[in-house]
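What follows is a short report on a single structure.
The values are calculated or read from the model by the stated rules, or taken from the named source; none is laboratory data. Keep in mind that this is a model prediction, so the values were computed, not measured. Note: ideal-geometry Cβ built from the backbone for every residue, glycine included; neighbour counts use all protein chains shown.
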Amino acid sequence: MKPLLAICALAIVISGISIMIPQQAAAADNDLFQQMDIGFFSVGGRATYYDPQEGQSRWFGGGQVRLYPFKYLAFEGSADYRREDTAGSRIHTYPVQVSALIYPLGHTRLAPFLLGGGGWYYTTVKGPGNFDDTQNRFGLHAGGGLQFFLSNHVSIDSTYRFIWLEDIQSKDQNIKDKSFNDNGHMITVGLNFHF
(Lines give C-alpha, C1' and ligand atoms only; values in the text may rest on other atoms or scores of the structure.)
Protein backbone atom coordinates (compact mmCIF):
# COMPACT_ATOMS: atom_id res chain seq x y z
CA MET A 1 0.00 0.00 0.00
CA LYS A 2 2.85 2.41 0.86
CA PRO A 3 4.53 2.13 -2.59
CA LEU A 4 1.15 2.79 -4.25
CA LEU A 5 0.73 5.98 -2.20
CA ALA A 6 4.25 7.07 -3.13
CA ILE A 7 3.59 6.49 -6.84
CA CYS A 8 0.34 8.50 -6.63
CA ALA A 9 2.15 11.34 -4.85
CA LEU A 10 4.86 11.22 -7.51
CA ALA A 11 2.29 11.52 -10.29
CA ILE A 12 0.69 14.51 -8.57
CA VAL A 13 4.06 16.25 -8.17
CA ILE A 14 5.00 15.69 -11.82
CA SER A 15 1.56 16.90 -12.93
CA GLY A 16 1.92 20.03 -10.81
CA ILE A 17 5.36 20.81 -12.21
CA SER A 18 4.16 20.32 -15.78
CA ILE A 19 1.37 22.88 -15.21
CA MET A 20 4.02 25.43 -14.22
CA ILE A 21 5.93 24.99 -17.50
CA PRO A 22 5.68 28.11 -19.63
CA GLN A 23 3.54 27.54 -22.70
CA GLN A 24 6.42 28.59 -24.94
CA ALA A 25 8.64 25.74 -23.67
CA ALA A 26 5.82 23.20 -23.87
CA ALA A 27 4.87 24.24 -27.40
CA ALA A 28 8.47 24.50 -28.66
CA ASP A 29 8.46 20.98 -30.05
CA ASN A 30 5.93 18.22 -29.54
CA ASP A 31 8.31 15.49 -30.68
CA LEU A 32 9.00 13.42 -27.54
CA PHE A 33 11.81 11.53 -29.28
CA GLN A 34 13.73 14.57 -30.50
CA GLN A 35 17.39 14.41 -29.43
CA MET A 36 18.19 17.25 -27.00
CA ASP A 37 21.45 19.20 -26.69
CA ILE A 38 21.66 19.14 -22.89
CA GLY A 39 25.31 19.91 -22.20
CA PHE A 40 27.83 17.95 -20.17
CA PHE A 41 26.73 18.71 -16.60
CA SER A 42 23.53 19.11 -14.56
CA VAL A 43 22.78 19.93 -10.93
CA GLY A 44 19.47 19.77 -9.10
CA GLY A 45 17.43 19.17 -6.01
CA ARG A 46 15.15 16.26 -5.36
CA ALA A 47 12.45 14.92 -3.08
CA THR A 48 13.18 11.39 -1.86
CA TYR A 49 10.66 8.84 -0.60
CA TYR A 50 12.18 5.86 1.22
CA ASP A 51 10.24 2.74 2.26
CA PRO A 52 12.48 0.46 4.38
CA GLN A 53 11.51 -3.13 5.20
CA GLU A 54 11.63 -2.27 8.91
CA GLY A 55 10.81 1.33 9.72
CA GLN A 56 8.78 4.31 8.61
CA SER A 57 8.12 5.31 4.99
CA ARG A 58 8.64 9.04 4.61
CA TRP A 59 9.65 11.86 2.25
CA PHE A 60 13.01 13.59 2.66
CA GLY A 61 15.23 15.84 0.54
CA GLY A 62 18.53 15.75 -1.26
CA GLY A 63 20.48 16.78 -4.32
CA GLN A 64 22.05 15.27 -7.40
CA VAL A 65 24.79 16.06 -9.90
CA ARG A 66 24.98 14.34 -13.27
CA LEU A 67 27.70 14.12 -15.91
CA TYR A 68 26.75 13.27 -19.51
CA PRO A 69 30.00 12.21 -21.23
CA PHE A 70 28.21 10.06 -23.84
CA LYS A 71 24.85 10.09 -25.60
CA TYR A 72 23.69 6.83 -24.00
CA LEU A 73 25.50 6.96 -20.64
CA ALA A 74 25.54 9.34 -17.67
CA PHE A 75 26.95 9.26 -14.16
CA GLU A 76 25.14 10.56 -11.09
CA GLY A 77 26.37 11.53 -7.66
CA SER A 78 23.70 12.19 -5.04
CA ALA A 79 23.38 12.97 -1.35
CA ASP A 80 20.19 12.74 0.69
CA TYR A 81 19.04 12.80 4.30
CA ARG A 82 16.58 10.58 6.15
CA ARG A 83 15.53 9.92 9.73
CA GLU A 84 13.79 6.94 11.31
CA ASP A 85 12.38 6.37 14.78
CA THR A 86 12.23 2.61 15.32
CA ALA A 87 11.74 0.61 18.55
CA GLY A 88 13.11 3.33 20.80
CA SER A 89 16.03 4.21 18.50
CA ARG A 90 16.48 7.40 16.48
CA ILE A 91 18.44 6.81 13.28
CA HIS A 92 19.88 9.54 11.04
CA THR A 93 21.19 8.38 7.67
CA TYR A 94 23.08 10.40 5.04
CA PRO A 95 23.14 8.31 1.83
CA VAL A 96 25.84 9.25 -0.68
CA GLN A 97 25.27 7.30 -3.89
CA VAL A 98 27.09 6.95 -7.21
CA SER A 99 25.09 5.59 -10.14
CA ALA A 100 25.53 4.82 -13.83
CA LEU A 101 22.51 5.75 -15.97
CA ILE A 102 21.96 4.04 -19.32
CA TYR A 103 19.73 5.92 -21.77
CA PRO A 104 18.73 3.35 -24.45
CA LEU A 105 17.15 6.06 -26.65
CA GLY A 106 19.81 8.70 -26.00
CA HIS A 107 18.86 12.11 -24.64
CA THR A 108 15.40 12.38 -26.16
CA ARG A 109 12.90 14.93 -24.81
CA LEU A 110 11.23 12.05 -22.93
CA ALA A 111 14.15 9.81 -21.96
CA PRO A 112 13.74 6.51 -20.08
CA PHE A 113 16.85 5.15 -18.38
CA LEU A 114 18.15 2.23 -16.32
CA LEU A 115 20.36 2.86 -13.32
CA GLY A 116 22.62 0.95 -10.98
CA GLY A 117 25.38 1.69 -8.53
CA GLY A 118 26.54 1.74 -4.96
CA GLY A 119 26.46 3.96 -1.95
CA TRP A 120 27.98 4.86 1.38
CA TYR A 121 25.44 5.38 4.17
CA TYR A 122 26.79 7.42 7.08
CA THR A 123 24.45 6.46 9.93
CA THR A 124 24.14 7.66 13.53
CA VAL A 125 22.03 5.67 15.99
CA LYS A 126 20.82 6.78 19.43
CA GLY A 127 18.94 4.18 21.43
CA PRO A 128 17.91 3.05 24.92
CA GLY A 129 20.54 2.68 27.61
CA ASN A 130 22.62 5.60 26.28
CA PHE A 131 23.34 3.65 23.10
CA ASP A 132 25.11 6.07 20.75
CA ASP A 133 26.86 4.69 17.68
CA THR A 134 28.09 5.82 14.27
CA GLN A 135 28.00 3.25 11.51
CA ASN A 136 29.38 3.35 7.98
CA ARG A 137 27.29 1.05 5.84
CA PHE A 138 27.57 0.18 2.18
CA GLY A 139 24.91 -0.95 -0.25
CA LEU A 140 24.03 -1.54 -3.88
CA HIS A 141 21.01 -0.25 -5.80
CA ALA A 142 19.33 -0.88 -9.15
CA GLY A 143 16.28 0.56 -10.87
CA GLY A 144 15.11 2.88 -13.59
CA GLY A 145 13.70 6.26 -14.30
CA LEU A 146 12.19 8.73 -16.69
CA GLN A 147 13.54 12.18 -17.52
CA PHE A 148 11.61 14.91 -19.35
CA PHE A 149 13.58 17.78 -20.86
CA LEU A 150 11.54 20.98 -20.68
CA SER A 151 14.31 22.66 -22.68
CA ASN A 152 18.02 22.07 -23.33
CA HIS A 153 18.73 23.60 -19.91
CA VAL A 154 15.96 22.31 -17.59
CA SER A 155 14.62 18.82 -16.93
CA ILE A 156 12.48 16.96 -14.42
CA ASP A 157 13.03 13.32 -13.56
CA SER A 158 11.71 10.53 -11.43
CA THR A 159 13.52 7.38 -10.40
CA TYR A 160 12.78 4.11 -8.64
CA ARG A 161 15.54 2.04 -7.09
CA PHE A 162 15.70 -0.94 -4.77
CA ILE A 163 18.48 -0.65 -2.20
CA TRP A 164 20.31 -3.56 -0.59
CA LEU A 165 21.96 -2.38 2.66
CA GLU A 166 23.83 -3.70 5.61
CA ASP A 167 21.66 -3.89 8.75
CA ILE A 168 21.55 -1.12 11.36
CA GLN A 169 22.79 -2.19 14.81
CA SER A 170 21.11 -0.80 17.95
CA LYS A 171 19.61 -1.81 21.29
CA ASP A 172 15.97 -2.52 22.12
CA GLN A 173 14.04 -1.33 25.20
CA ASN A 174 15.57 -4.17 27.25
CA ILE A 175 19.11 -3.07 26.28
CA LYS A 176 19.57 -6.20 24.17
CA ASP A 177 21.30 -6.09 20.80
CA LYS A 178 18.86 -5.33 18.00
CA SER A 179 19.37 -5.34 14.25
CA PHE A 180 17.10 -3.43 11.82
CA ASN A 181 16.74 -4.50 8.19
CA ASP A 182 17.14 -1.27 6.17
CA ASN A 183 16.73 -2.70 2.64
CA GLY A 184 13.98 -0.91 0.80
CA HIS A 185 12.41 1.03 -2.03
CA MET A 186 13.50 4.57 -2.94
CA ILE A 187 11.61 6.95 -5.21
CA THR A 188 12.96 10.34 -6.21
CA VAL A 189 11.53 13.35 -8.06
CA GLY A 190 14.06 15.94 -9.20
CA LEU A 191 14.43 19.26 -10.98
CA ASN A 192 17.72 19.64 -12.89
CA PHE A 193 19.56 22.57 -14.48
CA HIS A 194 21.86 21.65 -17.40
CA PHE A 195 25.08 23.44 -18.38
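Are any of the residues in the stretch 91-103 under 19 Å from S179 (Cβ atoms) and loosely packed, with under 15 Cβ neighbours inside 10 Å? Taking every residue of the stretch 91-103 in turn, at least one turns out to be under 19 Å from S179 (Cβ atoms) and loosely packed, with under 15 Cβ neighbours inside 10 Å.
Identify all residues within the stretch 52-90 that are acidic (D, E) and surrounded by 15 or more Cβ atoms within 10 Å (Cβ to Cβ); write none if there are none.
Step one: filter the stretch 52-90 for residues acidic (D, E), giving 54, 76, 80, 84-85.
Within the stretch 52-90, E54, E76, D80, E84 qualify.
Output the residue which, of all residues in the stretch 71-96 that are small (G, A, S) and not in a strand (DSSP E or B), is modelled with the highest pLDDT. Talk me through it step by step, then tell me what you get.
Here is the first cut: in the stretch 71-96, the residues small (G, A, S) are 74, 77-79, 87-89.
Applying the additional criterion that residues be not in a strand (DSSP E or B) yields 87-88.
Working: A87: 74, G88: 81.
Ranking the qualifying residues of the stretch 71-96, first place goes to G88.
Under the condition of being under 19 Å from D51 (Cβ atoms), surrounded by fewer than 17 Cβ atoms within 10 Å (Cβ to Cβ) and at pLDDT 95 or above, the residues counted in the stretch 147-186 number 1.
Restricting the search to the stretch 33-70, which residues are hydrophobic (A, V, I, L, M, F, W, C), more than 15 Å from the chain's Cα centre (by Cα) and part of a strand (DSSP E or B)? Hits for the stretch 33-70 are F41, L67, F70.
Exactly one residue among S158, S151, S99 is assigned to a loop (DSSP other than H, G, I, E, B) and either over 16 Å from D80 (Cβ atoms) or in contact with a strand residue (DSSP E or B) (Cβ under 9 Å, 6 or more places away or on another chain) (or both), and that residue is S151. Could you list all residues from the stretch 75-123 that are of a type in the set (D, E) and over 16 Å from G62 (Cβ atoms)? Result: D85, single match.
Scan the stretch 111-119 and tell me whether some residue there is touching a strand residue (DSSP E or B) at 6+ places or on another chain (Cβ under 9 Å) and closer than 17 Å to S179 by Cβ. Steps first, answer last, please.
Here is the first cut: in the stretch 111-119, the residues touching a strand residue (DSSP E or B) at 6+ places or on another chain (Cβ under 9 Å) are 111-119.
Among the residues that remain, those that are also closer than 17 Å to S179 by Cβ are: none.
Taking every residue of the stretch 111-119 in turn, none turns out to be touching a strand residue (DSSP E or B) at 6+ places or on another chain (Cβ under 9 Å) and closer than 17 Å to S179 by Cβ.
In the stretch 117-137, the count of residues that are in contact (Cβ under 8 Å) with a residue 40 or more places away in the chain, part of a strand (DSSP E or B), over 18 Å from L73 (Cα atoms) and of a type in the set (S, T, Y) is one or more. Filtering the stretch 51-69 to residues that are under 18 Å from G116 (Cβ atoms) and touching a Phe, Trp or Tyr at 6+ places or on another chain (Cβ under 9 Å) leaves V65, R66, L67, Y68, P69.
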